[in-house]
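Contents: one structure, followed by commentary.
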Amino acid sequence: MIIIGCTKSRGLAKSIAKKLKVSYFALDVKHFPDGEFYLRYPFPVKGRHVVLVQTLHEPHLSLLELVFAAHTAKDLGAKKVTLVIPYLAYMRQDKRFRQGECLSSKIVGRLFKVADELITIDPHLHRYKRLNEAFKMKTKKLTANSLLANYIKKHFKKDLIVGPDIESYQWAEGIAKLIGRSAVMLRKRRYTSRKVRVKFKKGVIVRGKNVVLVDDIISTGHTMIEVVKQIKKMKPKAIYCLCVHGVFAENAHEKLKKAGAKKVISTNTIPHKTNRVDVSGLIVNALK
Ligand code: R5P
């Protein structure tokens, strides 16, 4: 087995290889002046199990790079190609919400048909029940819930776990259960990518508590910002925002802090300064 770091996940790939005590190589990736990719394996892959590690943050380039890398590994005679995609983009587009829309998640699945196996962390499975509905290969769906639960247990006291919408129950409720606490789930209505409204339940006591908001993804941050604004009026001790995948589009991190979040915490499925929870161990166990 060789672990290969694609451009978006070199740090994570290195630490996976180190923990597994197997070789690590960086994929050679450049761009021609017109923007086209140049990609090369500067080491032999024939007959080997090639593990490509690439998160799909800023998905246009990262996705295409990984598609080219997977196809090239097979062309060069790799025995097996495993994709380790810590953050699997496009999974929220799992339905045609309006007639004529592109079903992006299924197309992404087809682009990777050449690979033998997919390992990912907390994919946004909502309308799909299983990853295989989009990815026709062996799949392993890992979850960072226990890691986030340990973080909460270690760092917060007198806390209340809040999920900003019903889709976040897998994370907010899942994590609360692991540490024997209860979670409050809110209702969200999304009007556009940047406009959401969240309804807070009556009778929930927030005053004096550390409120820990938990979701799988913070993208534009508008979901969490809405909740932070509402909770702030209810006099909590402090508000913390936790997520698996910190996409932080359009300065979402700064906006969240400005709205009143005391601290924002993410896992390292996407490299960011808020990374406090390391997922490399989860991936290592899945690869063993
Ligand atoms: C969707 O249901 C997800 O669980 C997140 O709530 C959503 O992706 C967050 O997006 P944003 O940060 O753009 O509001």
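Read-outs throughout are calculated quantities, based only on the coordinates presented, and are distinct from any laboratory measurement. Because the structure is a prediction, the values reported are computed rather than measured. Glycine gets a Cβ as well: all are built from the backbone with ideal geometry, and neighbour counts include every protein chain shown.
What list do you get for Cys241, Cys102 if you sort them by fewest beta carbons within 10 Å? Before the final figure, lay out the partial values.
Values: Cys241 31, Cys102 10.
By the 10 Å Cβ count, ascending, the order reads Cys102, Cys241.
Of all trypsin sites (Lys or Arg not before Pro) in the range 1-84, which ones are in loop regions per DSSP and have a Cβ with at most 12 other Cβ atoms within 10 Å?
On the way: sites: Lys8, Arg10, Lys14, Lys18, Lys19, Lys21, Lys30, Arg40, Lys46, Arg48, Lys74, Lys79, Lys80; in loops: Lys21, Lys46, Arg48, Lys79.
Sites meeting the loop and neighbour criteria: Lys21, Lys46.
Of the trypsin sites (Lys or Arg not before Pro) in the range 182-212, which ones lie in a loop per DSSP and count no more than 16 other C-beta atoms within 10 Å? Could you put the intermediate results ahead of the total?
Values: sites: Arg187, Lys188, Arg189, Arg190, Arg194, Lys195, Arg197, Lys199, Lys201, Lys202, Arg207, Lys209; in loops: Arg194, Lys201, Lys202, Arg207, Lys209.
Within the range 182-212, the qualifying trypsin sites (Lys or Arg not before Pro) (loop, at most 16 other Cβ atoms within 10 Å) are Arg194, Lys201, Lys202, Arg207.
Considering the zone a paramagnetic label at Val22 would reach in this model (a point 7 Å from Cα along the Cα-to-Cβ line), which residues of the range 31-59 have amide N under 11 Å from it?
Of the residues in the range 31-59, 48-53 have backbone N under 11 Å from the label point off Val22.
Only Lys, Arg, Asp and Glu count, each charged at its Cβ (+1, +1, -1, -1), so figure out the dipole size of the chain about its Cα centre, rounded to 20 debye.
Numbers: 58 positive and 22 negative charges, 298 e Å.
That gives the chain a dipole magnitude of about 1440 debye.
For the chain, set up a GNM with springs between Cα atoms under 10 Å and report which of Ile225, Ile175, Ile166 has the largest fluctuation.
Per the Cα network of the chain with a 10 Å cutoff, Ile166 tops the list.
Under 8 Å for C-alpha pairs, at least 6 residues apart: give me the relative contact order for the chain, rounded to a whole percent. Write out the running numbers ahead of the final one.
Details: 601 pairs, mean separation 37.4, N = 288.
Relative contact order, the chain: 13 percent.
Could you compute the net charge surrounding Asn251? Neighbours are other residues with a C-beta less than 13 Å from the C-beta of Asn251; K and R count +1, D and E count -1. Could you put the intermediate results ahead of the total?
Working: positive: Arg194, Lys255, Lys257, Lys258, Lys273; negative: Glu250, Glu254.
So the environment of Asn251 carries a net charge of +3.
Specify the angular offset, from 0 to 90 degrees and rounded to the nearest 10, of the alpha carbon long axis of helix 59-75 from the longest principal axis of the alpha carbons in the chain.
30 degrees
Assign unit charges at the C-beta atoms only (+1 for Lys and Arg, -1 for Asp and Glu), then state the dipole size of the range 210-288 relative to its Cα centre in Debye, rounded to the nearest 20. Provide the component values of the computation, followed by the final result.
Details: 13 positive and 6 negative charges, 107 e Å.
Charge dipole of the range 210-288: 520 debye, to the nearest 20.
Using 23 Å as the Cα-Cα cut-off, could you pick out the over-long pairs in Lys188/Lys229; Lys154/Lys188; Lys30/Lys140; Lys177/Lys201; Lys188/Lys273; Lys140/Lys288?
Numbers: Lys188/Lys229 14 Å; Lys154/Lys188 29 Å; Lys30/Lys140 30 Å; Lys177/Lys201 20 Å; Lys188/Lys273 28 Å; Lys140/Lys288 12 Å.
Pairs exceeding the cut-off: Lys154/Lys188; Lys30/Lys140; Lys188/Lys273.
Within the chain, what's the longest stretch lacking GluC sites (Glu not before Pro) that sit in DSSP loops with no more than 16 other Cβ atoms inside 10 Å? Before the final figure, lay out each step's value.
Values: sites that count: Glu36, Glu101.
In the chain, the maximal stretch lacking such sites is 102-288.
Can you tell me the order of 145-151, 110-116, 218-224 when each peptide is scored by its average per-residue count of other Cβ atoms within 10 angstrom, highest first? Present the calculation step by step, with values, prior to reporting the outcome.
Working: 145-151: 19.0, 110-116: 16.0, 218-224: 24.4.
Ranking the peptides 145-151, 110-116, 218-224 by packing returns 218-224, 145-151, 110-116.
Distances longer than 22 Å among the Cα atoms of the chain: what percent of all pairs is that? Before the final figure, lay out the partial values.
Details: 24413 of 41328 pairs.
Distances greater than 22 Å cover 59 percent of the Cα pairs.
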